[in-house]
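Single-structure report; data block below.
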Amino acid sequence: MSQRDFAMMSIKRDVARHGRMTPESVRLFKEARLTRHELKEAALRGLEMFQEWKNR
């Protein structure tokens, strides 16, 4: 798994768990040098997962 894939997976997990980006997510974003589009994609998917869980 590449560093980019790991960062995207971790950001998605953090947003799904907390409903927002965490400082760890921001650090991973910077270290992996993700594009804004990649960050948006991971964060939106995580937010969808969070909302699905919240609305159960």
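Since every read-out is calculated from the coordinates, none of them should be taken as a lab result. On a predicted model such as this, the values are computed, not experimentally measured, just so you know. A quick note on method: Cβ atoms are made from the backbone with ideal geometry, for glycine too, and the neighbour counts reach across all protein chains shown.
The table below lists the values:
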quantity: MET1 vs. criteria surrounded by fewer than 16 Cβ atoms within 10 Å (Cβ to Cβ) and outside any helix (DSSP H, G or I); calculated: yes
quantity: Residues that are within 20 Å of LYS54 (Cα to Cα), without any contact (Cβ under 8 Å) to a residue 24 or more places away in the chain and touching a helix residue (DSSP H, G or I) at 6+ places or on another chain (Cβ under 7 Å), drawn from the range 1-36; calculated: SER10, MET21, THR22
quantity: Within the range 20-56, considering residues that are within 13 Å of SER10 (Cβ to Cβ) and part of a loop (DSSP other than H, G, I, E, B), the one nearest to the chain's Cα centre (by Cα); calculated: MET21
quantity: Every residue from the range 10-21 that is surrounded by fewer than 15 Cβ atoms within 10 Å (Cβ to Cβ), out of contact with any Leu (no Cβ under 8 Å at 6 or more places or on another chain) and of a type outside the set (Lys, Arg); calculated: HIS18
quantity: Residue list for the range 32-54, filter: of a type in the set (D, E, K, R) and surrounded by 12 or more Cβ atoms within 10 Å (Cβ to Cβ); calculated: GLU38, GLU41, ARG45, GLU48
